[in-house]
Amino acid sequence: MTKWAVIYSSVTGNTRQIAEAIAEKAGDADIFRVQDAPQDLAVYDVVAIGYWLRLGQPDPLTLKYLAGVRGAKVVFFQTHGTSPTSEHAITSFARAGYHLGEGCEILGTFGCQGKINPAMLEKRKHAGPDDPHGGPKSAERWKLAASHPDAQDIADAQDFVERMEHKLILRERFLAKKAAKLAALQKKE
Ligand SMILES: Cc1cc2nc3c(=O)[nH]c(=O)nc-3n(C[C@H](O)[C@H](O)[C@H](O)COP(=O)(O)O)c2cc1C
């Protein structure tokens, strides 16, 4: 059985909901808030790291944690106000990967929208058209985010766990075949 660490950062609960769904599906999983997560992750087959987006990248607590993660097979999950298919959301995964410590491998990524903190919405009400958070487009995005994570996001996150476990099995089979081929070649020489 694949052993998972599920590590998350969450202020208003969106990312925590996805973390809990992932841990439940994974079965053999330990779940930690990023503040409480161990830095030695050697006992885990998969390390799932989840964060909320702030300024187009993982939140500050997660950024700090990522640098100390070494030699792990990592999956990222993120929640954000923007659409999961937007350039903004996709670039954020690249930023998360950039901050990881040495020797990690990224197995996969999952993202979904998450409702915006009402205190932030109140502040942004008066943003002018030159503010990146002002204007009707932002208002439209926030409206779309308001119902997330929803039941479909939870189901998608759990499906993601299955796909990652399958990927891991295929990867191990592929590597074993490659090693056997190499050993056979070396024997011939
Ligand atoms: C200060 C602040 C900055 C944010 N910056 C972004 C951002 O750059 N891009 C984005 O898509 N969402 C942004 N959001 C929205 C959050 O990432 C989103 O609501 C997330 O689901 C919150 O997760 P949580 O409930 O786990 O704390 C921001 C929210 C706050 C409060």
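In debye to the nearest 20, how big a dipole does the stretch 92-157 give about its Cα centre with +1 on each Lys and Arg Cβ and -1 on each Asp and Glu Cβ?
I would put it at about 380 debye.
Find the relative contact order for the stretch 74-153 and round it to a whole percent, using C-alpha pairs within less than 8 Å whose residues are 6+ positions apart.
37 percent
Based on the Cβ-Cβ distance of ASP159 and ALA42, what FRET efficiency does E = 1/(1 + (r/R0)^6) give at R0 = 30 Å, to the nearest 0.05?
The formula returns an efficiency of 0.60 here.
Nearest-5 percent of antiparallel DSSP beta bridges in the chain?
Details: 2 of 26 bridges.
Approximately 10 percent, going by the DSSP bridge assignments.
Report the FRET efficiency, 1/(1 + (r/R0)^6), for LYS178 and HIS88, where r is their Cβ-Cβ distance and R0 is 30 Å, rounded to 0.05. It would help to have the intermediate numbers written out before the result.
Values: r = 37 Å, r/R0 = 1.24.
Step by step, r from the Cβ atoms, then E = 0.20.
Which residues' amide hydrogens lie under 5 Å from the amide hydrogen of GLY114, considering only partners 5 or more residues apart or on another chain, with H built in the peptide plane?
So GLY114 has HN proximity to HIS80, GLY81.
Could you work out the equivalent-ellipsoid semi-axes for the stretch 1-77, taking the square root of 5 times each eigenvalue of the Cα gyration tensor, largest first, in whole Å? Display every interim value, and only then the final one.
Values: eigenvalues 71, 45, 17 Å².
Equivalent-ellipsoid dimensions as semi-axes: 19, 15, 9 Å.
Given H placed on each backbone N at 1.01 Å, which residues far from ARG54 in sequence or on other chains put an amide H within less than 5 Å of it?
So ARG54 has HN proximity to ASP59.
Return the long-range amide H neighbours of VAL69 (sequence gap of 5 or more, or a different chain), with a cut-off of under 5 Å between placed amide H atoms.
Residues meeting the criterion, in which the H sits 1.01 Å from N, are GLY101.
Tell me what the chain gives for mean residue ellipticity at 222 nm when only DSSP H runs of n ≥ 4 count, each as -39,500 (n - 2.57), the sum divided by the residue total, rounded to 500 deg cm²/dmol.
Helix contribution divided over all residues of the chain: -15500 deg cm²/dmol.
Could you tell me the relative contact order of the chain? Use alpha-carbon pairs under 8 Å, at least six residues apart, and round to a whole percent.
20 percent
A short reminder: the numbers here are calculations on the coordinates, not readings from a lab. This one's a predicted model, so the numbers in the text were calculated from it and none came from an experiment. All Cβ positions, even for glycine, are placed from backbone atoms using ideal geometry, and neighbour counts span all protein chains on display.
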